[in-house]
Structures are given as structure tokens and as C-alpha cells.
Amino acid sequence: MERALYGPDGFYLRPGGPGPAGHFRTSVHASPLYAGAVAQLLLWVDEELGRPEELDLVDVGAGRGELLAGVLGALPAETAARVRPYAVERAGRPGGLDERIRWVSEPPGGARGLLFANEWLDNVPLDLAEDGRYVEVARDGTESEGGPVEGRDRAWLERWWPGPGRAEIGRARDEAWSAAVAAVERGLAVAVDYAHTRDARPPFGTLTGFRAGREVAPVPDGGCDVTAHVALDACAGPGAVLLTQRSALAALGVSGARPPLALASADPAAYVRALSLAGEAAELTARGGLGDFGWLVEPVGVRRWPG
């Protein structure tokens, strides 16, 4: 999985092409309302920190910087002038990106502000297990039985994904998230992803692939995204809050409610714009879709959000 995603010919490091947005649709690509909501969350953090001279915004798994660009555009000018935006990404910096955005391979230490990881953890490589043994996967996707799961992986399974069947060992994701949170000196760390919790683990796992907008077999040859849902409850540290994207976006003012019909008569153009935004908000918060994504919100030296 590491080689297939991040090796020399890996899915995320191949030069040229459409980038991740050409293969799958995330909340960032679905609507600018998403970046606007993240901007609102950053404003909350800004107030918690006493409106500092420099306010960090760290986007982990930044893709081509779309979220950072959207947040900077949605912020009040005074706040945007104080923001230090970091795109954490293993691929090279794309052309034409806002010069204010710092392009880095690891989260900067001592960040004071908001660290946001949208659909990053699902691409942190992991191992598979089935009935207590590792599952070995060849480059062509062929599977075979491996040795017994032991040590820290076994301890993780016993605590977070017990029982028979197939499991995705999330220990590497826990460690990756812990390291990201440790980079925050004060503020919020937020992970958003496909997720499940201990009482509802999928019995056959979730590993899959995506190519050109279609779900495909998770063949680790570099030609497709290889991804698995995240055990966010295992990642969560002390004081963390777990909620759905639907609830999180509602707290940030994103609503799929239709605009009042009276607006159609008073200002038809405004009504059409509002109706379009309502449709985008409905997609971001839809049950059975993006609205069911999990948000892991971890405070570092600030109040819990939402309170």
C-alpha cells in the first residue's frame, strides 16, 4: 500500500494528470461551502487564541491546495493577513498556487491554530488481518495467508477490532494522527474521513480502490487509489469529540434548507443562487453520503468544539 500510493510510480506521486480530484470527489471539491465552514472553525480557534499576530492553518493531505485556497478566500481580510497556511503533501507543489501557501512534507512543529486533515488518514497505509493471521497481497492484488498477528498489532486488534473475520489494523493510523496532534502547540486538530467505531466494525473490512471516478478492486500497482475507512475512535486522544459531518457542518452554519419562496418573487437571481447553495449543502450533509463522514475534533489547550 505504501509503494502503491507513495512509491516512485505511486498513485499520489505520479507527475502530470488530473490529480486526486480527477479520480474521486471529496467534500472540498463538492462545494465552496466546505472551505467556508473550515474558515468559520478557524475563526473560532482565532478567538480562543486571543487573535494572535500569526495564526497557523495546517492542511494535512492537501492534494493540490484547493482547501487552503478556499479558506483563505472565505476569511475576512484582516484574519487572512495573519494566517500562515501550510500544505502538508508528499507530492510536488502544483503550479499557480497562492504564494502565501507554504508547501511542506511534514506538519510544522509548534503550530498555533487549526490542523485539518480531510480524507488523509484513509490513505495512511495499513495491514490486513483475517481470523488472527496477516493477509499478504501481491502487486497484482492476489491474496494469500500470512503469519499470525502478534505484538502491538495483535494488541490493537484485541482492543479495537476483536472477533473473527477480516480486519484492517489501524495502529499505523493511530500513530500518524498522534504525531499530527503533537505538532499542534495550541488550537484544534481535526480529522475528517470515512469512519466506523468499535461497535459497528464492518465484518469484511472496507479496503477498496478508486480510479477515474469509479470504485475498482484495490490492486496495489500504483494505478488506482487504495483506501480503507478509518477507526476514528481508536485514533481519538483525551478530550476528543467524535461527531458526524452533518452535525459538524450544522454547527458551522451549513444548512440544506431551501430558501423562502418569497425570495423568488423579490429577487429571482438571489433565489436561484440560494437554491444552488442549498443543494450543495444538502450533498455535504446527506445521510448515506458525505454527511455520514466522521469528524474527530481534538482540542490542544483550548475548549472542546463544539462545546
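The values are calculated or read from the model by the stated rules, or taken from the named source; none is laboratory data. Just so you know, these numbers come straight off a predicted model, no measurement behind them. A quick note on method: Cβ atoms are made from the backbone with ideal geometry, for glycine too, and the neighbour counts reach across all protein chains shown. The accessibility values were calculated without ligands, DNA or RNA, using every heavy atom of the protein model including side chains. Shrake-Rupley method; radii C 1.70, N 1.55, O 1.52, S 1.80 Å.
Evaluate the following for residue 268: is it farther than 23 Å from residue 26 by Cα and out of contact with any Gly (no Cβ under 6 Å at 6 or more places or on another chain)?
On the way: farther than 23 Å from residue 26 by Cα: yes; out of contact with any Gly (no Cβ under 6 Å at 6 or more places or on another chain): yes.
So residue 268 passes the test.
How about the stretch 206-230: which of its residues are outside any strand (DSSP E or B), at pLDDT 95 or above and open to solvent by less than 10 Å² (accessible area, probe 1.4 Å)?
228
Do any helices (runs of 4 or more DSSP H) lying entirely in the stretch 21-102 carry at least 3 residues that are buried (at least 17 other Cβ atoms within 10 Å of the Cβ), and which ones are they? Reasoning before the result, please.
Values: elements: 27-30, 32-48, 66-74, 77-80.
The qualifying helices (runs of 4 or more DSSP H) are 32-48, 66-74.
If you go through the stretch 104-119 one residue at a time, how many are open to solvent by 10 Å² or more (accessible area, probe 1.4 Å) and assigned to a strand (DSSP E or B)?
Here is the first cut: in the stretch 104-119, the residues open to solvent by 10 Å² or more (accessible area, probe 1.4 Å) are 104-110, 112, 118-119.
Remaining after also requiring assigned to a strand (DSSP E or B): 104, 112, 118.
Number of matching residues: 3.
Only one residue in 260, 238, 268 is within 24 Å of residue 171 (Cβ to Cβ) and modelled with pLDDT under 95. Which one?
Details: 260 fails: within 24 Å of residue 171 (Cβ to Cβ); 268 fails: within 24 Å of residue 171 (Cβ to Cβ).
Being within 24 Å of residue 171 (Cβ to Cβ) and modelled with pLDDT under 95 holds for just one of 260, 238, 268, which is 238.
With the condition kept exactly as written, say whether any residue in the stretch 48-65 is over 24 Å from residue 302 (Cα atoms), of a type in the set (D, E, K, R) and either touching a Cys at 6+ places or on another chain (Cβ under 8 Å) or at pLDDT 90 or above (or both).
Looking through the stretch 48-65, at least one residue is over 24 Å from residue 302 (Cα atoms), of a type in the set (D, E, K, R) and either touching a Cys at 6+ places or on another chain (Cβ under 8 Å) or at pLDDT 90 or above (or both).
Looking at the structure I just gave you, is residue 278 without any contact (Cβ under 8 Å) to a residue 40 or more places away in the chain, out of contact with any helix residue (DSSP H, G or I) (no Cβ under 9 Å at 6 or more places or on another chain) and surrounded by 12 or more Cβ atoms within 10 Å (Cβ to Cβ)?
Against the criterion (without any contact (Cβ under 8 Å) to a residue 40 or more places away in the chain, out of contact with any helix residue (DSSP H, G or I) (no Cβ under 9 Å at 6 or more places or on another chain) and surrounded by 12 or more Cβ atoms within 10 Å (Cβ to Cβ)), residue 278 qualifies.
What pairs come up if the first residue lies in the stretch 137-151 and is hydroxyl-bearing (Ser, Thr, Tyr), the second is open to solvent by less than 90 Å² (accessible area, probe 1.4 Å) and assigned to a strand (DSSP E or B), and their beta carbons are under 9 Å apart, counting only those six or more places apart or on different chains?
What qualifies is 144/135; 144/137.
Do we find that residue 235 is over 18 Å from the mean Cα position of the chain (by Cα) and open to solvent by less than 20 Å² (accessible area, probe 1.4 Å) in this structure? Walk me through how you get there before you give the answer.
Working: over 18 Å from the mean Cα position of the chain (by Cα): no; open to solvent by less than 20 Å² (accessible area, probe 1.4 Å): yes.
No, not satisfied.
Within the stretch 184-203, track down each residue that is in a strand (DSSP E or B) and not basic (Lys, Arg).
Across the stretch 184-203, the qualifying residues are 184, 185, 187, 188, 189, 190, 191, 192, 193, 195.
Going residue by residue through the stretch 257-269, is there one that turns out to be in contact with a Phe, Trp or Tyr (Cβ under 8 Å, 6 or more places away or on another chain), over 19 Å from residue 35 (Cα atoms) and touching a residue at least 24 places away in the same chain (Cβ under 8 Å)?
no
Let me confirm something: among 269, 251, which residue is out of contact with any Ser or Thr (no Cβ under 9 Å at 6 or more places or on another chain), open to solvent by 50 Å² or more (accessible area, probe 1.4 Å) and under 24 Å from residue 303 (Cα atoms)? Quick ask: steps written out before the conclusion?
Details: 269 fails: under 24 Å from residue 303 (Cα atoms).
Exactly one of 269, 251 is out of contact with any Ser or Thr (no Cβ under 9 Å at 6 or more places or on another chain), open to solvent by 50 Å² or more (accessible area, probe 1.4 Å) and under 24 Å from residue 303 (Cα atoms), namely 251.
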